[in-house]
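The values are calculated or read from the model by the stated rules, or taken from the named source; none is laboratory data. Here the structure is a predicted model, which means the values were calculated and not measured. In this analysis, Cβ positions are derived from the backbone assuming ideal geometry, glycine residues included, and neighbour counts consider all displayed protein chains.
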Amino acid sequence: MNILASGLSARPILLAALCAGLAFPSAAGAAVKLPKKRPVLCPLLYEPVCTRTSLGVLTTYTNTCLAQADGAAVIARGSCSSADCPPAELPVCGRKGGDNRVFLNRCAADKAGAMVIAAGTCPEVCSQEIEWVCAVNEAGRRGDYGNACQAMIAGARVLHPGKCIAKPACAVEGLRVCALDVRTGKEQVYANLCLAEIANATFLRKGRCVEGRLRKLFKRRGAQP
C-alpha cells in the first residue's frame, strides 16, 4: 500500500524534530504525563521511506530519522507511490482536505493520501440518538461526538465508545485494553484506555490481545470469565 506524500519537500541540513516518550512513575495513584518531546537532529540524507503516521495515513519521508522523529512507523523502503493497488472492491470511507469520499479499497485511499475513517461507504444522514464516542479528526484533534455516524460525517475516526478521557495526564491504574495501532495495523496492549486514546489507537476490547489460558478455558465451556 502506498501514497503520494508530502514528506519529500526540501529540508535543512539539520532538522530539529520532536520525539515522544512516556514516563511511568512507580508510586500508586500517580499520573502518567503525556509524551514529552525533545529535539532530534536529522542529517539531510535522501533515502526515502514509506511510513504510516499516528493518524493512519501513508506518508513518504526523506529518511528514516525524520520519520521516527515524527512518530511515524516505517513500513517499506522507497516512496509510498511506487506500488500499484489491487482492483478489489472493498470500499472504505476516507477523509482528505476537509471532505469525505468513498475509495475502492484501503490501498486506493492510502495512495490518495486520505485518512481512512471506517470500512464501507460514508454516511450522509445520522440519527440524533446520543451514544457518545471519542474520535480523532484529520488534523489530529480528539473530540466527543454524539454517535459514531456523526463523527464520521465530521471526518473523524472513532477511537472508543464514550467521551474522550485523555487529560494532561493519564492515571497509572486502570484495566488493560487491546487496541489497534493504526501505524502498524497490529493489535497492541495498552495499560489503560487513556493511553490507548493518546496513541490514537482504535479500541477493540478490554484485557489482553492474546487470550490467556483462563479465558480460553471458559470459552470452551461456553461461558465468559
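So which residues in the range 43-64 are farther than 16 Å from G113 by Cα and either modelled with pLDDT under 90 or surrounded by fewer than 18 Cβ atoms within 10 Å (Cβ to Cβ) (or both), if there are any at all?
Matches in the range 43-64: P43, L44, L45, Y46, E47, T64.
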Hits in the range 42-70 (condition: under 11 Å from the mean Cα position of the chain (by Cα) and not in a strand (DSSP E or B)): T53, S54, L55, G56, V57
Residue in the range 23-31 that is assigned to a loop (DSSP other than H, G, I, E, B), aromatic (F, W, Y) and at pLDDT below 90 present: yes
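Every residue, every condition in (1) touching a Phe, Trp or Tyr at 6+ places or on another chain (Cβ under 8 Å); (2) without any contact (Cβ under 8 Å) to a residue 24 or more places away in the chain; (3) buried (at least 19 other Cβ atoms within 10 Å of the Cβ); (4) under 19 Å from R52 (Cα atoms), yes or no:
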{"position": "V92", "(1), (2), (3), (4)": "yes, no, yes, yes"}
{"position": "K96", "(1), (2), (3), (4)": "no, no, no, yes"}
{"position": "L104", "(1), (2), (3), (4)": "no, yes, no, no"}
{"position": "A114", "(1), (2), (3), (4)": "yes, no, yes, yes"}
{"position": "I130", "(1), (2), (3), (4)": "no, yes, no, no"}
V158 vs. criteria free of Cβ contacts under 8 Å to residues at least 40 places away in the same chain and buried (at least 17 other Cβ atoms within 10 Å of the Cβ): no
Leading residue by the ranking (surrounded by the fewest Cβ atoms within 10 Å (Cβ to Cβ)) among those in the range 71-90 that are among the aliphatic types (A, V, I, L, M) and farther than 20 Å from R183 by Cβ: A88
Residue that is farthest from V116 (Cα to Cα), among those in the range 162-203 that are in a loop (DSSP other than H, G, I, E, B) and under 11 Å from the mean Cα position of the chain (by Cα): A199
Single residue of V210, V177 found to be at pLDDT 95 or above, out of contact with any Gly (no Cβ under 6 Å at 6 or more places or on another chain) and more than 30 Å from D99 (Cα to Cα): V177
